[in-house]
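Inspection log for the structure reproduced underneath, given as structure tokens.
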Amino acid sequence: MKLVRYGAPGKEKPGLIDADGKLRDLSKKIKDIGPAELSPAGLAKIAKIKPESLPLVKGRPRMGVPLTGVGKFLGIGLNYSDHAKEAGMPIPKEPIMFLKSTSSLSGPNDQVMLPKGSVKSDWEVELGVVIGSKCQYVSKKDALKHVAGYCVVNDISEREYQLERGGTWDKGKGCDTFGPVGPWLVTADEIKNPQRLDMWFDLNGKRYQDGNTKTMIFDVATIISYASQFMTLMPGDIITTGTPPGVGMGVKPKPVFLKAGDVMTLGIEGLGQQRQQVVAYKKQK
């Protein structure tokens with residue numbers, strides 16, 4: 001299934017994309033797409049619904065984050081060997097973990113707003129993993145049983161905040177609008193092997209990233225098992241699993257960073273694509 005939430009920010013309704021790529025309204029069948037619906041029982045209930053029985057949604061409404069009730073937004077750093085090389089950092093012996101604030105979550109096609117004074121904001125196309133059942137000290141062998149589904153994430157990062165301001169990476173990862181997710185949450189049964197997915201990123205029509213999840217240093221099962229040793233993973237948690245080479249700070253001879261007016265497009269095989277326009281900082285209501 002391809003599950004979505006559509007509508008104005010804060011007023012999203014649950015929906016699904018049918019076999020013909022059309023948006024269907026789920027709001028009469030389920031309240032929303034949150035932790036309860038992402039559990040094995042919740043997904044089984046939705047799977048019994050015949051898409052053709054659901055009303056079609058007219059027009060092209062805004063797509064929101066395809067799930068609500070996200071408790072943790074966990075990131076994995078330097079998880080592709082070529083990206084570690086372009087960043088000038090050693091290949092990690094264990095997964096590098098950081099947290100993106102849940103307030104950074106935004107829809108897949110919403111505007112990305114640069115933080116006040118930012119000069120080093122950067123992009124990262126990543127495979128997002130959504131947890132569907134509670135994980136504590138789970139084995140690598142059983143880890144994927146706890147996955148509800150997968151999605152595209154743009155792990156936008158302010159490199160000065162992340163790398164030059166001391167302390168943890170979190171301060172460069174959690175700015176408002178720095179976590180576009182979606183357009184869909186594709187349930188795990190549709191993704192037979194999360195380690196064989198092509199992924200790409202374009203800036204203003206120019207290809208910068210062209211990779212595949214097979215080159216991850218730590219695969220999805222390893223990441224889930226590892227993270228569950230340090231925190232309990234709960235239904236609705238999102239793990240974004242690292243990016244292949246081609247980020248702005250790695251461009252030679254001079255890095256390329258985001259500026260107002262730029263347009264980012266990115267996608268992952270089977271998981272859809274995103275499009276975001278970059279805008280200057282503006283105080284939010």
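The values are calculated or read from the model by the stated rules, or taken from the named source; none is laboratory data. What you are looking at is a predicted structure, and each value in this text was computed from that prediction instead of being measured. Here the Cβ is made from the backbone with ideal geometry for all residues, glycine too, and neighbour counts use every protein chain on show.
Structural remarks
- Flag for G211 being of a type outside the set (D, E, K, R), in contact with a Pro (Cβ under 9 Å, 6 or more places away or on another chain), under 19 Å from I268 (Cα atoms) and buried (at least 17 other Cβ atoms within 10 Å of the Cβ): yes
- Residue count, the stretch 163-184 (criterion: in contact with a helix residue (DSSP H, G or I) (Cβ under 8 Å, 6 or more places away or on another chain) and surrounded by fewer than 21 Cβ atoms within 10 Å (Cβ to Cβ)): 5
- Which numbered condition F230 misses (of (1) within 20 Å of V70 (Cβ to Cβ); (2) buried (at least 20 other Cβ atoms within 10 Å of the Cβ)): (2)
- Of P235, P180, all but one fail to be in the same structural domain as L144 (by TED's automatic domain parsing) and within 15 Å of L144 (Cα to Cα); the exception is P235.
- Search result, residues across the stretch 94-111 that are within 18 Å of the chain's Cα centre (by Cα), surrounded by fewer than 16 Cβ atoms within 10 Å (Cβ to Cβ) and part of a loop (DSSP other than H, G, I, E, B): S101, Q111
- One residue from V152, V186, V119 being over 29 Å from Y6 (Cβ atoms) and in contact (Cβ under 8 Å) with a residue 60 or more places away in the chain: V119
- Conditions (1) within 17 Å of the chain's Cα centre (by Cα); (2) crowded, with 20+ Cβ neighbours inside 10 Å; number of the one not met by A143: (1)
- Selection of the stretch 206-236 for residues being of a type in the set (D, E) and closer than 18 Å to I131 by Cα yields only D219.
- Check on G149, in contact with a strand residue (DSSP E or B) (Cβ under 9 Å, 6 or more places away or on another chain), assigned to a strand (DSSP E or B) and either of a type outside the set (S, T, N, Q) or surrounded by 21 or more Cβ atoms within 10 Å (Cβ to Cβ) (or both): yes
- Hits in the stretch 171-187 (condition: out of contact with any Ser or Thr (no Cβ under 8 Å at 6 or more places or on another chain) and β-branched (V, I, T)): V186, T187
- Elements of type helices (runs of 4 or more DSSP H) contained in the stretch 1-93, each with 3 or more residues being surrounded by fewer than 13 Cβ atoms within 10 Å (Cβ to Cβ): 40-47
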